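The values are calculated or read from the model by the stated rules, or taken from the named source; none is laboratory data. Predicted, not measured: the structure shown is a model, and the values here were computed from it. Every residue, glycine among them, receives a Cβ derived from its backbone with ideal geometry; neighbour counts consider all protein chains shown.
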Amino acid sequence: MTKEKKCTTVDNDFSSEDARHRFGISIQELEKLMQTRGHEGIKQLNDIYDGLSGIEQKLKTNLITGLSNDEIDLSIRIAAFGRNEIRQKPST
């Protein structure tokens, strides 16, 4: 049994299963896809998710224009997948 990640915001309480239901893909599936490299990653992307267009449809986004600026939509995405940020390394 896998442990479900859960993200919370003020108005939303999403688990990975909620994200899977709403977007058709969970954060764990996205993480696994991103960790799979080379030909195997491309094969998995095409076979399981129907290529980039399939991921685009599942995430309800646009490969050209990206995400909308709608605050509610962004809040739901953050609750479902977390923030897409790269943390700065502490200076030594």
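Restricting the search to helices (runs of 4 or more DSSP H) fully inside segment 3-65 and requiring at least 1 residues that are among the charged types (D, E, K, R), modelled with pLDDT under 85 and touching a helix residue (DSSP H, G or I) at 6+ places or on another chain (Cβ under 7 Å) gives 16-23. Scanning segment 37-78 for residues that are among the small types (Gly, Ala, Ser), closer than 14 Å to Ile25 by Cα and surrounded by 14 or more Cβ atoms within 10 Å (Cβ to Cβ) gives a single hit, Gly54.
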